[in-house]
Amino acid sequence: MNSMKKVVLFAIAGLLSASAYAQVQFQTTIDLGASEQASDIKPTADGGYIVAGLQYATGTQSAFLLKLDQSGNVQWNKTYSGGYTSGSNLFTSYRVIQLNEGGYLLVGSTQNFGFSAAQIYVIKTDVAGDTVWTRTYGGGSGNNGNSIFQAEDGTYVIGGSFSLGGQRRMGVLRIKSDGSVRTESYYADGIACPFFECVPLGSNRYGIIYTYSSMLVVLDSLGGFIGDIPLGFGSGFSVGALEEGNGEYVTLNQVSGLMGSAFGLVRTDLAGTASLSKKYASSNDDTPRELIRASNGNYILFGLSTSMNGPSFLQAMEVDTAGNVVWGNRYNYSSGAYHEAANIVATPDGGYVMIGQYDRSGQYTDFDVYVVKTDALGQSGCNQASFTPTVAAASTIPPSAVNPFSAALTNTGTAVPAVVGTISTVNPTVLCLTAGINEYANAASIDVYPNPVKDVLYLQLKNGGRFNGQLFDISGQVVARFTGTDSAQLDLSRLPSGIYMLQLLGSTGESVTRRIQVAH
């Protein structure tokens, strides 16, 4: 047996071949007894998924959480209401994360509880979806929470637009686990635009995506201004942002296309010098919704494709770092039904899961939750069609000045009541399901210990040989890729305490996915 080899997680070495073994694939629709607008999906530590959205019933609106297992089966579902009426501004945006300490955090907006203007609305739940606390945050004349993630220090980071100084401000609000505010950071934008989101970029940096001016504002972990980068083409909007290791940043944009709009991909440095600037157009009107990293380092572009005669389809494509299309797929292509796309995330098995809404009637009246789980090549097992976009060069725009704005919210965390109930009707329709191989079938051939782990995790391949691996946080982001020979030690001392998913693939075919708890 070779001597132990220490692998430091943040010095990435090697890539996992995600297509080297089969993955779970499925398509399913879920009716919760009313009309549902699904808006977010994230992997959970147990291998399943958590879905957030808004339910429209007769005269009321309710936010919901929907817990799925790894095959898309419903495990539980909860609604969050409190006398909301159909005319109220409940959850104009709604995002969810699973917390490192367990449970979930749901963020959106509401104009209930006696407020005269929309406030950011946050619900913290336990692992079963039951409410722990609910709070509102905001200024005097309209606020929207559009994004949420958990920072390395455990705080919750909310991005969105805030009403300060008489106009909308892009901003970042960091709150503690009890809902109290830790820091506030706001930036002047000059237009009344509610569509700002904040994303983790890496190395304790955040990015505010300045949606309708196609700009990324780069901040440090305390909300301090680092720089602003042009990421668009002078029109449309931007979604998603990624940081490259060489100091460049990437975003997905809406640009002018053959039939209306198309996907635009831009990669540039802080000075605004672009190393990649291309647009991807099809015979449909293509609207971007999300940009994520593929397990091999490429880019996954996701959004909505609408045909001339009305039907719309979820659409995803993989693009390499040179801007070349690897694959492109549309989902539920043959049904002729209307859809809406929400988001896509990478999954611990190397594939992807995407969420949207589905209307069998095509009349825009009764929507169901629509979930598609694919392998690494975007294959879901049924009911999809490939497409090849037209690729062309595009030009970016110069940056605009973005200045910090000093202010404090008038509402820094008002506790409000919430009613939590179980939705009584769940009607799933499984369109297809391919289970793939059992990820735990070869678990005995790989030792992973101790678990929970404080600092160092030990790995050993009983049959010897080389293995590749990835470590995911509970939001589905890859925090490390690594390789080992026979055995290895992983230094986890720099990771925050919480739940992670470890995925290993041995050179002779052994594969295993393990839930790892880091407890410092």
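The values are calculated or read from the model by the stated rules, or taken from the named source; none is laboratory data. Everything numeric here is computed off the predicted structure, so don't read it as measured data. Positions of Cβ are backbone-derived with ideal geometry, glycine not excepted, and every protein chain shown enters the neighbour counts.
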(request) Please list, ordered by first then second residue, the pairs with beta carbon atoms under 8 Å, 6 or more apart or interchain, first in the stretch 258-275 and within 15 Å of residue 319 (Cα to Cα), second crowded, with 24+ Cβ neighbours inside 10 Å and basic (Lys, Arg). (result) 262/279; 263/279; 264/279; 265/279
(request) Would you be able to tell me the number of residues in the stretch 137-168 that are surrounded by fewer than 23 Cβ atoms within 10 Å (Cβ to Cβ) and touching a residue at least 60 places away in the same chain (Cβ under 8 Å)? (result) 8
(request) Collect the residues in the stretch 257-299 that are touching a Lys or Arg at 6+ places or on another chain (Cβ under 7 Å) and aliphatic (A, V, I, L, M), keeping them in residue-number order. (result) 262, 265, 274, 276
(message) With at pLDDT below 85 and either buried (at least 22 other Cβ atoms within 10 Å of the Cβ) or under 14 Å from residue 179 (Cβ atoms) (or both) as the only criterion, which of 99, 105, 90 stands out?
(response) 90
(message) Quick check on the stretch 251-302: of everything there that is of a type outside the set (D, E, K, R), buried (at least 22 other Cβ atoms within 10 Å of the Cβ) and more than 30 Å from residue 472 (Cβ to Cβ), which residue is modelled with the lowest pLDDT?
(response) 257
(request) Would you list the strands (runs of 3 or more DSSP E) that sit entirely within the stretch 242-320 and hold 1 or more residues that are of a type in the set (Lys, Arg) and over 19 Å from the mean Cα position of the chain (by Cα)? (result) 260-268, 274-281
(request) Just one of (1) touching a strand residue (DSSP E or B) at 6+ places or on another chain (Cβ under 9 Å); (2) modelled with pLDDT under 80; (3) within 30 Å of residue 78 (Cβ to Cβ) trips up residue 424, so point out which. (result) (1)
(request) Working only within the stretch 189-210, note down all residues that are within 20 Å of residue 137 (Cβ to Cβ) and at pLDDT below 70. (result) 189, 192, 193, 194, 195
(message) Between a residue in the stretch 215-226 that is under 13 Å from residue 186 (Cβ atoms) and any residue that is basic (Lys, Arg) and part of a strand (DSSP E or B), which pairs come within a Cβ distance under 8 Å, given they are 6 or more apart or on different chains?
(response) 219/205; 223/174
(message) For the stretch 453-505, give me each residue that is more than 20 Å from residue 43 (Cβ to Cβ) and part of a loop (DSSP other than H, G, I, E, B).
(response) 454, 455, 462, 463, 464, 465, 486, 493, 494
(request) For the stretch 116-129, enumerate the residues that are in contact (Cβ under 8 Å) with a residue 40 or more places away in the chain and either among the hydrophobic types (A, V, I, L, M, F, W, C) or more than 18 Å from residue 163 (Cα to Cα) (or both). (result) 117, 120, 122, 123, 124, 125, 128, 129
(message) Conditions first: (1) touching an Asp or Glu at 6+ places or on another chain (Cβ under 7 Å); (2) crowded, with 21+ Cβ neighbours inside 10 Å; (3) at pLDDT below 90. Residue 305 passes all but one, so which condition is the exception?
(response) (3)
(message) Every residue in the stretch 321-358 that is of a type in the set (D, E, K, R) and not in a strand (DSSP E or B), please.
(response) 349
(request) Return a yes/no flag: does the stretch 30-40 have any residue that is assigned to a strand (DSSP E or B) and modelled with pLDDT under 85. (result) no
